[in-house]
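Worksheet: one structure, shown below.
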Amino acid sequence: MSQQHLAAPADETAVATVAQHRDWWRGAVIYQVYPRSFADSNGDGMGDLEGVRARLPYLRDLGVDAVWLSPFYASPQADAGYDVADYRAVDPMFGNLLDADALIRDAHGLGLRIIVDLVPNHSSDQHEWFKRALAEGPGSPLRERYHFRPGKGKNGELPPNDWESIFGGPAWTRVTEPDGTPGEWYLHLFAPEQPDFNWEHPAVGDEFRSILRFWLDMGVDGFRIDVAHGLVKAEGLPDLGDHDQLKLLGNDVMPFFDQDGVHEVYRQWRTVLDEYAGDRIFVAEAWTPTVERTAHYVRPDELHQAFNFQYLSTDWDADELRVVIDRTLDAMRPVGAPATWVLSNHDVTRHATRFANPPGLGTQIRTEGDRALGLRRARAATLLMLALPGSAYLYQGEELGLPDVVDLPDEVRQDPAYFRGAGQDGFRDGCRVPIPWTRTGSSYGFGTGGSWLPQPANWGELSVEAQTGDPHSTLELYRAALAARREHPSLGAGESLEWLPAPDGVLSFRRGEFVCAANTTTTPVTVPSPGRVLLTSGEVTATGTETTLPADTTVWWTTA
Ligand code: NOJ
């Protein structure tokens, strides 16, 4: 596969490159922007599209290939925009369609691609279809586009089945019918404000293919598909029975997740996408039980990439990492899809904080832990990730080494799962705090009107301004690593690696002219030097023949 990366942006040349370059995504580094927390252009304390547009040169200089934007559509924001009321409109808090158009154009002018978030599993309860379904009452054809059911029990007072919402509580809410009586129930795998679509109804598929075309016509380069594994539910919506849903989630096929029928939807979507020029892509957010099942989503006639949540969920441990890396590459090779790697996103505790805490705590962590340790490991983990074959996803602020903000006061929290309790998540606000651009000033350069979540007092020290030009900073480490990937496209290319012998707790592998070693142990290790040191996540000691890696350190060598 061709692995040339985009040339350094130069206006029209860059536009042409964006249009022509094929298979750009196989080794791409894709940066997630969480629009409400990236940059605020109008001083209302909330990030917006114009803020993102103004910072595109920063992303170009960082060296990423594409930007994935979390939802900015018209939405009551019951789940930070993952509750969409109008899929073809921009929410006024983020701007308007002209701003989206300007953002896409400017990005292309800089040689960056734009991936937008598509939320097909559920809409907002303020979506026109759902509002009409409620208003028209039982028997309305609009109710067939969602999952409305009569309740169980003598008077229909019990939910239709035993499924629980991912955010906690029952996955069903009973409606009050237009005549004021308690009536049917509707399914919502997430918050009650997020009713699930019924993908068995042809109008739903038609509508989403039309939405795809709307944004493809706007010029977007791809879609991140929210809850890609959830669209199709098991026939008859069967009870889970005597099972602990929380334990099963992510470990087993559920009657509402990862049903085989979902793949037909993506085959249809692929034919739509392939009508468009420009090598556009789909990436699936599919929390499946195994990487092998994830691979089903990226068969040649389906989607292009799927997030590797098994990798994201792996502790900083050489043996465990090696297993997940091998399994990923082995699962993706037969379907011809690139592996993807990710350490952080807007739903999990930032990896600088995960690695600051003892292993085995999962991806939702409430304690700060040892920050220096977490940062050291986060830097090492990033260099390891960026040496693996395939595409890598970065989450805004990780290039600054930001920790999660674990001490947000309860009164500022907005994560819907927090309010429903006992859910899988609930503390996602900590990774969503607006990022710092400057050392001082209103909201550290995020905007002129404060920030929708309070930023910690030390945020300025972690800002882009404070880290720029400091060779020891995390920002400069990311810039150097991404520059190396651009200079040596083979770093992200291919579908395999060659493991090299290494001491316990150390991962070492060769990728063509590059060798990477990561010391995940708590003590220094000395290994033979395979070549010239190219980049390191911490201070190493290199003699001509040996290199000593301190604890939690990754090194890249080149043998060229
Ligand atoms: C996954 C998104 O990443 C998350 O933020 C959201 O809450 C759920 N899907 C529901 O849309």
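The values are calculated or read from the model by the stated rules, or taken from the named source; none is laboratory data. Model, not experiment: these values are computed from the prediction. Heads up, the Cβs are rebuilt from the backbone with ideal geometry, glycines too, and the neighbour counts pull from every protein chain shown.
For Pro178, the conditions (1) buried (at least 18 other Cβ atoms within 10 Å of the Cβ); (2) more than 16 Å from the ligand (Cβ to nearest atom); (3) in a loop (DSSP other than H, G, I, E, B) are fulfilled apart from (1).
For beta carbons closer than 7 Å, sequence separation of 6+ or different chains, a first residue in region 340-367 that is at pLDDT 95 or above and a second that is among the basic types (Lys, Arg), the qualifying pairs are Ser344/Arg350; His346/Arg428; His346/Arg432; Asp347/Arg428; Phe355/Arg377; Ala356/Arg371.
When residues in region 304-332 are screened for being assigned to a loop (DSSP other than H, G, I, E, B) and within 16 Å of the ligand (Cβ to nearest atom), 3 of them pass. Looking across region 374-411 at every residue that is in contact with an Asp or Glu (Cβ under 7 Å, 6 or more places away or on another chain) and of a type in the set (A, V, I, L, M), the one that is modelled with the highest pLDDT is identified as Ala380. Of the candidates Arg432, Arg439, Arg366, Arg371, the single residue that is among the basic types (Lys, Arg) and under 19 Å from the mean Cα position of the chain (by Cα) is Arg432.
Taking the criterion of being within 16 Å of the ligand (Cβ to nearest atom) and either at positive phi or in contact with a helix residue (DSSP H, G or I) (Cβ under 6 Å, 6 or more places away or on another chain) (or both), the residues of region 347-368 that qualify are Asp347, Arg350. Filtering region 79-101 to residues that are closer than 22 Å to Gln396 by Cα, small (Gly, Ala, Ser) and within 16 Å of the ligand (Cβ to nearest atom) leaves Ala80, Gly81. Taken over region 286-307, residues that are surrounded by fewer than 20 Cβ atoms within 10 Å (Cβ to Cβ) and either free of Cβ contacts under 8 Å to residues at least 12 places away in the same chain or of a type in the set (Asp, Glu) (or both) amount to 2. Number of residues in region 32-50 that are aromatic (Phe, Trp, Tyr) and either touching a Ser or Thr at 6+ places or on another chain (Cβ under 6 Å) or surrounded by fewer than 23 Cβ atoms within 10 Å (Cβ to Cβ) (or both): the value is 1. For region 114-129, enumerate the residues that are within 14 Å of the ligand (Cβ to nearest atom) and outside any strand (DSSP E or B). Val119, Pro120, Asn121, Ser123, Ser124, Asp125, His127 - these are the residues of region 114-129 that are within 14 Å of the ligand (Cβ to nearest atom) and outside any strand (DSSP E or B). Among residues of region 57-68 that are farther than 16 Å from Val116 by Cβ and at pLDDT 95 or above, those with a beta-carbon under 7 Å from a residue that is of a type outside the set (A, V, I, L, M, F, W, C) and in a helix (DSSP H, G or I) at least six positions away or on a different chain give the pairs Leu62/Glu399; Leu62/Tyr478; Leu62/Arg479; Gly63/Arg479; Gly63/Arg486.
If you go through region 78-119 and keep only what is within 24 Å of Asn345 (Cα to Cα) and among the basic types (Lys, Arg), you end up with just Arg113.
One residue is enough: does region 494-507 have a residue meeting the conditions over 26 Å from Tyr58 (Cα atoms), aromatic (Phe, Trp, Tyr) and away from the ligand (no atom under 16 Å from the Cβ)? Yes, some residue in region 494-507 is over 26 Å from Tyr58 (Cα atoms), aromatic (Phe, Trp, Tyr) and away from the ligand (no atom under 16 Å from the Cβ).
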